[in-house]
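Read-outs: derived from the displayed coordinates by stated rules, not from any lab. Everything numeric here is computed off the predicted structure, so don't read it as measured data. Reconstructed Cβ throughout: ideal geometry from the backbone, glycine too, with neighbour counts over all protein chains shown.
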Amino acid sequence: MTDLVLRADRVVTPEGVIAADIAIAGGRIAGLEKLGSLTARTLIDMTGRIVMPGGIDPHVHCDWHMPAPEGGQSAKTQPASVVSRAAVFGGTTMMIDFVRTNDGTTIADAITRRAAGWHGACHIDYAFHLMVEGDLAPRHLDELAQAIRAGHPTVKIFTTDITPNRKGRMVDFGDIWEVFQVIAANRGLGVIHAEDNDIVMHMYEKLIREGRTSFHHMAEVHNALSEDLSFRRIIRLAESVPGTALYMLHTSAASGVAAIREARAKGIPIYGESLHQYMLYTSDDYRRENGQIFHTYPSLKSPADQAALWAGTLDSTINCIATDELCCTLAQKTQGIRIDDVTGGNSGVEPRVPLMYSEMVARRGYSLERFTDLVSTNAARILGMYPRKGAITPGADADITVLDPTRRRTITAADLHETDYSPWEGWTAHAWPCLTLLRGKIVMQDGVLTGSLADGQWIERKIDPAVIAGPIKF
């Protein structure tokens, strides 16, 4: 007999929104049948709610070192145990963090060390992007190839050191060229933090020289010109290595959107990610009280840049909305006050899915299918998890979240499960998750956590050849 049946009149599937009984057995979706036709040991009627694949956040930083301003105290962000608990309450069932490949004697050793902090310590499923930094030794290329083939197919590369005191992040373009050849040969995907280092460091020097050191000026440092130059240079380099596919992290400016759009029109397999703070905050918000809470790298941009991001979600230029999750306290987030010491990232994994439902479906009239693509399905398709993840379809993992549109609420940090502040304080959510399933197990129901830290599993990934041959139009 079927373990569980979810009955709902709005189920978001790859074929569209349907009414169905969803049969779940052995942690997988066994079938979708006519509404009201199935029986099971447990039947949950979700009529009037929205049943969708569990959210996938493709960009988080758990247990991550936080640089401190001069005289401050360095710390680490909250671990997966805390962030994943918040994710469960927010309807997210999968997240992708990073392995710093120089955190071990070999890349394989770095992966093992990183994974040790997650095994048995995460409420949801997870994977890791490989992060290469600084100067690369020839042996790293062979190790990288092995790691890609072992189920870690996405490789993060920085084209900037980000701030003057973070030397060693940037990979020079000669080494990026070599990495692209490894990625292409092993069917991986380049995951790029692209800013023009010359422009960024010039602007730091210029503003410091002029005495304009407040973080309020971040948009002048990490500016739209930097995004334009770096995106186009990376794209041109990828063109020179056939088989190189790109995923542009945290796209923040109209110039980045334009570069992705133009490259896709030329047939280049490139995909765009933005963040919910770029979609909903601008550089004007730096002037608000504790304006640091809205910041991540690159900076918030202008209303015109924000409008371009929204337009990009409608034409397959921006494919995923992530968080760049960096869960810390308000005191830690606001201890930096200068352009060269303000803390990036934000605490936002819990409200991401309901917040984007509110902004996309309720306020802007997006279809449920497009909203689901942007917060779940596209990340699975691009990053090597589909259709196991990101889809309500027979054979897929039964990772499901149910949004209740009758649960309209004002977001407050006191009601969330991450830290003592929220960048989304006071925002209205037009729906909220009332049920979260991970591989068929109910891990949250009606605001009560029913899962455990032993539930999360590492997910081996393999990039779909169609993504590399792309660009796929979503």
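In the chain, the calculated helix contribution to ellipticity at 222 nm averages -7500 deg cm²/dmol per residue, counting -39,500 (n - 2.57) for every DSSP H run with n ≥ 4.
Within the same chain, lysines fewer than 8 places from K266 are excluded, and of the rest, those with a Cα less than 21 Å from its Cα are K473. Extending 7 Å from Cα along the Cβ direction at Q445 and again at A265 yields two label points whose distance is 5.2 nm. Loop-located GluC sites (Glu not before Pro) in the range 164-265 (DSSP state other than H, G, I, E, B) with a sparse environment of at most 13 neighbouring Cβ atoms within 10 Å: E210.
Put simply, when 280-293, 246-259, 37-50 are sorted by average Cβ atoms within 10 angstrom per residue, most first, you get 246-259, 280-293, 37-50.
DSSP loop (so not H, G, I, E, B), at most 16 other Cβ within 10 Å: list which trypsin sites (Lys or Arg not before Pro) in the range 362-449 pass both filters. Before the final figure, lay out the partial values.
Working: sites: R363, R364, R370, R381, R388, K389, R407, R408, R409, R439, K441; in loops: R363, R364, R388, K389, R407, R408, R439.
Taking the range 362-449 and a limit of 16 other Cβ atoms within 10 Å, the loop trypsin sites (Lys or Arg not before Pro) found are R363, R364, R407, R408.
Expressed to the nearest 5 percent, the antiparallel share of DSSP beta bridges inside the chain is 50 percent.
Each Lys and Arg Cβ is given +1 and each Asp and Glu Cβ -1; about its Cα centre, the chain then shows a dipole of about 780 debye. Of the residues A431, G36, F89, the one whose Cα sits farthest towards the positive end of the charge dipole of the chain is G36 (charges of +1 on Lys and Arg Cβ, -1 on Asp and Glu Cβ, taken about the Cα centre).
What are the lysines whose alpha-carbon lies under 27 Å from the alpha-carbon of K167, with same-chain residues fewer than 8 places away excluded? Those lysines meeting the cut-off are K76, K156, K206, K301, K333.
Straight Cα distances below 18 angstrom link K441 to the aspartates and glutamates D3, D21, D45, D125, D397, D399, D455, with same-chain residues fewer than 8 positions distant left out.
With Cα atoms defining each centre, the range 1-54 and the range 84-117 are spaced 31 Å apart in the structure. Annotation note: trypsin sites (Lys or Arg not before Pro) in the range 89-118 located in DSSP loop regions with a Cβ neighbour count of at most 10 within 10 Å are absent.
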